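Below you'll find the structure, written out as structure tokens, and then a few comments.
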Amino acid sequence: MSEFDGRVAAALEADRDLYESWLVELCAQRSISAAADGVGECADLVERMCMDVGLTVERVETPRHPVMIATIAGDSDYTLGLYDHYDVQPVDPLTEWTSDPFVPTARDGRLFARGIADNKGNLVTRLAAVHAWLRAAGSLPVNVCFIIEGDEEIGSPGLNAVADVVRSKLSLDGLIWESGSVNAAGELVSYEGVKGVLGLELVATAPRGDLHSMYATVVPNPVWRLVRALASMRDADGEPVVDGLSAGAEPLSDQDRRELKGYHANEAATLRRMGARTDLGDEELVRRHVFGTTLNLSGLSAGYVGSGTKTVLPATASARMDIRLVPNQDPTVIAEAIRDHLTRTGFDDIAVKVLNAVPPYRGSAGGIADAVRMVADELYEGFVGYPMIPGAGPMRAICGDSDLPVSAGPAVGDHLSNIHAPNESIRLDNFHRAALGIAKLMPLLRK
């Protein structure tokens with residue numbers, strides 16, 4: 001292990017205003033991947049920012065938006081990978097935002113903007129750490145390789161399409177994922193893997209167009225048909241009843257169970273503030289959250305919902321589902337389980353379309369996670385390490401079938417950041433602390 005150069009901390013402190021200006025510039029650039037709104041322009045901005053810091057950028061074009069591989073050599077043989085994305089979620093419902101989501105606005109010690117916590121703020125802290133090391137010491141203690149994509153919020157179709165090409169250009173010893181978080185107790189929450197995600201659209205269709213609703217006495221309504229099909233997937237207690245939904249899921253190890261006991265109290269309290277079930281104990285609540293396969297209904301579309309009244313018998317109804325997958329689960333197998341359930345329960349007329357499929361990944365323990373823990377013990381109120389995060393991401397696209405050590409590092413977001421929701425925000429002190437944390441992490445990894 002190597003000691004941290006205090007000149008780097010001084011450089012970070014001296015350039016606080018500069019790094020905040022980078023943050024504001026990046027968050028002001030629209031980059032909604034779901035609508036292809038400003039994402040190309042944001043890619044150009046990210047490329048320029050990386051080059052300005054001193055990174056060499058290779059732009060890998062994809063069917064969607066480019067992946068940036070930005071590198072710089074350091075003073076050891078260790079290569080640290082840093083994964084980030086420059087796209088953001090849609091801003092709907094816009095009426096619930098207190099300020100324009102693309103005009104970063106300071107309020108009550110926080111900075112509000114779409115994408116500031118997920119993931120632009122974390123990207124800027126990492127660029128700031130590289131900049132400070134170069135300014136203070138003239139070089140980095142390790143080789144650094146950024147992998148920055150523009151389609152993460154829609155399942156990474158661009159990165160997945162060129163995953164083999166991207167992996168062929170990488171030779172990593174460890175990978176810091178896009179972000180951890182700071183919980184209500186001030187602890188850094190990190191993880192060593194991600195769930196996968198399977199996005200589905202279910203569609204019920206009548207053999208004709210819309211009809212006057214007076215025919216509802218004798219003509220079947222596809223909306224009711226879809227509602228019944230969806231209801232068949234859960235029992236009266238809300239538990240999933242789709243055979244094969246958990247197919248392939250790895251059983252919990254003894255280490256997993258020990259870790260659950262170690263961190264379930266704070267996490268359960270956070271989940272209960274979000275409205276989690278009250279009939280489950282803390283440990284079971286967190287076990288399901290971290291290690292459970294989900295069956296989420298994320299959207300419904302049917303008929304007329306405008307102002308006034310329209311008496312119509314709709315011709316189609318659709319539902320969007322996302323299913324979070326745990327390690328060793330195959331999205332293709334789970335999609336077939338949904339189709340088989342619909343057939344078995346008499347709803348084989350419901351069409352099932354796969355919208356996106358991202359496999360889960362869990363890295364090896366130790367190494368980089370130990371270094372993150374050391375930084376957290378110094379800069380935060382403590383450390384909470386999950387074997388994996390309940391969210392999803394394209395970790396397998398980058399890591400492949402390797403057991404590359406992965407960890408989420410120092411983070412800008414906290415329990416109040418509202419990622420994917422209106423009024424997304426971060427605390428600026430968390431922003432600067434995360435930059436310092438990444439800078440301190442680098443020498444700990446030097447071979």
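Condition first: within 29 Å of residue 401 (Cα to Cα) and either among the acidic types (Asp, Glu) or touching a Gly at 6+ places or on another chain (Cβ under 7 Å) (or both). Now tell me which residues in the range 307-323 satisfy that.
Residue satisfying the conditions is 322 alone.
Check residue 99 against each of (1) among the polar types (S, T, N, Q); (2) buried (at least 16 other Cβ atoms within 10 Å of the Cβ); (3) assigned to a loop (DSSP other than H, G, I, E, B) and name the one condition it does not meet.
Residue 99 satisfies all of (1) among the polar types (S, T, N, Q); (2) buried (at least 16 other Cβ atoms within 10 Å of the Cβ); (3) assigned to a loop (DSSP other than H, G, I, E, B) except (2).
Answer with yes or no whether residue 159 is touching a Pro at 6+ places or on another chain (Cβ under 6 Å), buried (at least 18 other Cβ atoms within 10 Å of the Cβ) and in the same structural domain as residue 62 (by TED's automatic domain parsing).
Yes; evaluated as a whole, the condition is true for this residue.
Among the numbered criteria (1) outside any loop (DSSP other than H, G, I, E, B); (2) crowded, with 17+ Cβ neighbours inside 10 Å, which single criterion is violated by residue 106?
For residue 106, the exception is condition (2).
Looking only at the range 203-226, count how many residues are within 42 Å of the chain's Cα centre (by Cα) and without any contact (Cβ under 8 Å) to a residue 24 or more places away in the chain.
Total satisfying the criteria: 3.
It is to be established whether one or more residues within the range 63-84 are among the hydroxyl-bearing types (Ser, Thr, Tyr), outside any strand (DSSP E or B), in contact with a strand residue (DSSP E or B) (Cβ under 9 Å, 6 or more places away or on another chain) and within 18 Å of residue 155 (Cα to Cα).
Scanning the range 63-84, I find no residue that is among the hydroxyl-bearing types (Ser, Thr, Tyr), outside any strand (DSSP E or B), in contact with a strand residue (DSSP E or B) (Cβ under 9 Å, 6 or more places away or on another chain) and within 18 Å of residue 155 (Cα to Cα), so the answer is no.
Going by the conditions given, is residue 134 in the same structural domain as residue 435 (by TED's automatic domain parsing), among the hydrophobic types (A, V, I, L, M, F, W, C) and within 27 Å of residue 375 (Cβ to Cβ)?
For residue 134, the condition - in the same structural domain as residue 435 (by TED's automatic domain parsing), among the hydrophobic types (A, V, I, L, M, F, W, C) and within 27 Å of residue 375 (Cβ to Cβ) - is met.
May I ask you to list the residues in the range 150-178 that are assigned to a helix (DSSP H, G or I) and either closer than 18 Å to residue 127 by Cα or of a type outside the set (A, V, I, L, M, F, W, C) (or both)?
Those that are assigned to a helix (DSSP H, G or I) and either closer than 18 Å to residue 127 by Cα or of a type outside the set (A, V, I, L, M, F, W, C) (or both): 152, 153, 157, 158, 160, 164, 167, 168.
If we scan the range 217-236, do we find a residue that is part of a strand (DSSP E or B), modelled with pLDDT of 95 or more and either in contact with a strand residue (DSSP E or B) (Cβ under 7 Å, 6 or more places away or on another chain) or crowded, with 16+ Cβ neighbours inside 10 Å (or both)?
yes
Checking residue 63 against (1) without any contact (Cβ under 8 Å) to a residue 24 or more places away in the chain; (2) surrounded by fewer than 16 Cβ atoms within 10 Å (Cβ to Cβ), which single condition isn't satisfied?
Of everything listed in (1) without any contact (Cβ under 8 Å) to a residue 24 or more places away in the chain; (2) surrounded by fewer than 16 Cβ atoms within 10 Å (Cβ to Cβ), residue 63 misses just condition (1).
Restrict the check to the range 141-149 and report whether at least one residue is buried (at least 18 other Cβ atoms within 10 Å of the Cβ), at pLDDT 95 or above and not in a strand (DSSP E or B).
Scanning the range 141-149 turns up at least one residue that is buried (at least 18 other Cβ atoms within 10 Å of the Cβ), at pLDDT 95 or above and not in a strand (DSSP E or B).
Checking residue 127 against (1) assigned to a strand (DSSP E or B); (2) buried (at least 24 other Cβ atoms within 10 Å of the Cβ), which test does it fail?
It fails just one condition, (1).
Scanning for something in the same structural domain as residue 11 (by TED's automatic domain parsing), over 26 Å from residue 250 (Cα atoms), out of contact with any Asp or Glu (no Cβ under 6 Å at 6 or more places or on another chain) and touching a residue at least 12 places away in the same chain (Cβ under 8 Å), does the range 358-367 turn up at least one residue?
no
Does residue 408 meet the test of being in contact with a Phe, Trp or Tyr (Cβ under 6 Å, 6 or more places away or on another chain), closer than 30 Å to residue 98 by Cβ and touching a residue at least 12 places away in the same chain (Cβ under 8 Å)?
yes
Can you find a residue that is in a loop (DSSP other than H, G, I, E, B), in contact with a strand residue (DSSP E or B) (Cβ under 9 Å, 6 or more places away or on another chain) and not aliphatic (A, V, I, L, M) anywhere in the range 298-310?
There is at least one residue in the range 298-310 that is in a loop (DSSP other than H, G, I, E, B), in contact with a strand residue (DSSP E or B) (Cβ under 9 Å, 6 or more places away or on another chain) and not aliphatic (A, V, I, L, M).
Determine whether residue 249 is under 30 Å from residue 330 (Cα atoms) and of a type in the set (A, V, I, L, M, F, W, C).
Spelling it out, residue 249 is indeed under 30 Å from residue 330 (Cα atoms) and of a type in the set (A, V, I, L, M, F, W, C).
Among the candidates 40, 81, single out the residue that is of a type in the set (Gly, Ala, Ser) and crowded, with 22+ Cβ neighbours inside 10 Å.
81
The values are calculated or read from the model by the stated rules, or taken from the named source; none is laboratory data. Note that the structure is a prediction, hence the values are computed from the model and not measured. For neighbour counting, all protein chains shown are included, and Cβ atoms are generated from backbone atoms with ideal geometry for every residue, glycine included.
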